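Trainee: The structure under discussion is supplied below as structure tokens; questions concerning it will follow.
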Amino acid sequence: MGAAAGAAGLLATPGSAVAASTASRFHTAPRYAGTVPGFPATLSLTPGASYKGTVALTAQFDPGVTPSSVTMTLGRYTRTLTRVGTTALWSAPAWDTTKRLADLTLDSPSNYCAWVRVQAVIGGVVQSTQPFQVYTANYSYGALADRGWVDSSAWAADYTSWDAWLASFTATVFGVKYASLVTDPVRAARKAIKVTVPDSARFDLDQPTNSPRFQAQQPTLNSGCGFYEGQEFYVGFSIYVPKTNSSAAGSGGFPSVSLSNPGETNKHISIFQMYGPQATNPTQYPTGRGAITIIDANRTSSTDAKDRFHIDANQLNGGDPGYLVDFGYNRGAWTDIVLGFRMSADIRKGWIEAYLNQGGYKSVQPVTLFGGLTRLPRVTAWPETSNPAVPDSYDTGVLVTGGSKRHRTDMQIYRSPTAYQEVTLLHTAHKVGPSPEAVDPRSYA
């Protein structure tokens, strides 16, 4: 059974939340209709608790309370509870915390945070808990480093000239011939990199896969840059999506993405990634993520909103109830983005923060994440060692461990082959520093 049980009454207490206007503007926090302050049942899952092995999923309702239906949602996956005889106890099949929520036949390669919501129909009225988090705890990582901010991690791309920009990337720049330094289309005093990647780029000799890409990889060798277990840092950058909604050759546009197959990313366009040791052939969990943190545009249903970027769940963080961050293209204007990380293979130590500005402020603003938090627990590095060993294979891919190896941040246009003739995007102000203020692009200052 699980390591913890029993939660009378129930109650997730939100952490630091930003103004409602910010959350509404960027649509980043899931909002559940029918949420009530209390919930008339004792649950088998306790907010904030850690669990290993197999865990009971039950709700014991208060005397005199008889629901007509009860569900429990873990991440994005809902389970129906059934009444045990004529008692007040409702239950669902037990939760095997060693498996992935998206596919119960596959082992999870990490401990993760799962967001839980219990909903019941009582007297024809839907009542729901607030979303709350629990943690799996099947792996022990031993003593992990606590490095904080490391001065040698400070880095900034140089946009003063083409040669200066290229020299600031001592690592690889894939598809460099598709990039050029241009005058900022909004702020004439600033320069930006304009990238137009044709589908034919996938045949270039410098392309490492058959997916056409431009990818400016933050340097991690010799300079002391790169990120290891226990480091804390912020990365800032700004993107400009052209007004033209087209992927036709010569249009200079950025398209509304076509529909990918359900659960896949075969029509996606990725614009940024936090890259670290990863699967050689990532699982589709839930949408084919390989790198630790990716910002991309991807739609798998006709009901998905168009012209939006998001940060989705990945192999290491499978308990998200929705997109971690979700924001519009903001065509014809700059979107300033800052992400904060504490690198860790341990869900109890790693975290992520997000800040955005699409023109309503002079500086980036904190984004409300799940549960009203602005700093969210997150697995942000692949584990190098664990007890028991991390599964060495899953799906058809091989897991390459290495939480203590270098991770980096990449500006990119990385997209599916054959999906689009051409994609154009501008970016500027790619920078790594110790605080949001230190890396804020300040496009609207």
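Since every read-out is calculated from the coordinates, none of them should be taken as a lab result. No experiment lies behind these values; they were computed from the predicted model shown. No Cβ is skipped: glycine too gets one built from the backbone with ideal geometry, and neighbour counts run over all protein chains shown.
Trainee: Can you figure out the FRET efficiency of residue 375 with residue 418, using R₀ = 41 Å and their beta-carbon distance, to the nearest 0.05? Show your work: numbers first, answer last.
Mentor: Numbers: r = 40 Å, r/R0 = 0.97.
For residue 375 and residue 418, the calculated efficiency is 0.55.
Trainee: Still on this structure, please answer the following. What lysines could a cross-link reach from residue 306, if we take a straight Cα to Cα line under 28 Å and drop same-chain neighbours fewer than 8 places away?
Mentor: 194, 243, 267, 362
Trainee: Among 213, 190, which comes first, then next, by fewest other beta-carbon atoms within 10 Å?
Mentor: Details: 213 22, 190 16.
Ordered from fewest to most neighbouring Cβ atoms within 10 Å, 213, 190 come out as 190, 213.
Trainee: Please give the contour-minus-distance gain from residue 258 to residue 87: 0.36 nm per residue of separation, less the Cα-Cα distance, rounded to one decimal in nm. Please list the in-between numbers first.
Mentor: Details: separation 171, 0.36 × 171 = 61.56 nm, distance 4.97 nm.
Between residue 258 and residue 87, full extension yields 56.6 nm more.
Trainee: Treat the count of other C-beta atoms within 10 Å as a stand-in for reagent exposure and order 229, 353, 437 from fewest to most.
Mentor: Ascending Cβ contact count within 10 Å gives the list 437, 353, 229.
Trainee: Follow-up. Starting with the fewest neighbours, write out 374, 368, 80 ranked by other beta-carbon atoms found within 10 Å of each beta-carbon.
Mentor: Details: 374 18, 368 26, 80 11.
In order of increasing Cβ crowding within 10 Å: 80, 374, 368.
Trainee: Can you tell me the FRET efficiency between residue 210 and residue 187 if r is taken as the Cβ-Cβ distance and R0 is 35 Å, rounded to the nearest 0.05?
Mentor: On the way: r = 37 Å, r/R0 = 1.05.
Plugging the Cβ-Cβ distance into 1/(1 + (r/R0)^6) gives 0.40.
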